[in-house]
Amino acid sequence: MRVEIMLDREQKISQETLEALEAELLKNLHPHYPAMAIRIRKGSATGVQLSGLRQDEDKKCHEHPAERLRR
């Protein structure tokens, strides 16, 4: 699995915060997905992308709760 997070550079998030986010993601997801890769970067918008999940059902269990409410 690959997790890509892009954060709006206008939000002035410190490098320490980005490192803490990556550490928490590794701590919580690595036991379930040992071959996962995480990429966190600053960009023009905020977004999260999960790729490499085998089934749609896997994606559903990891999506944000707000996404489930939109259906």
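Within the span defined as segment 60-67, every residue fails to be modelled with pLDDT of 90 or more and either aromatic (Phe, Trp, Tyr) or surrounded by 13 or more Cβ atoms within 10 Å (Cβ to Cβ) (or both). I need the full set of residues from segment 12-43 which are out of contact with any helix residue (DSSP H, G or I) (no Cβ under 7 Å at 6 or more places or on another chain) and assigned to a loop (DSSP other than H, G, I, E, B), in order please. Result: LYS12, ILE13, SER14, HIS30, PRO31, HIS32, TYR33, PRO34, ALA35.
The values are calculated or read from the model by the stated rules, or taken from the named source; none is laboratory data. As the structure is a computational prediction, the values presented were derived from the model and not from experiment. All Cβ positions, even for glycine, are placed from backbone atoms using ideal geometry, and neighbour counts span all protein chains on display.
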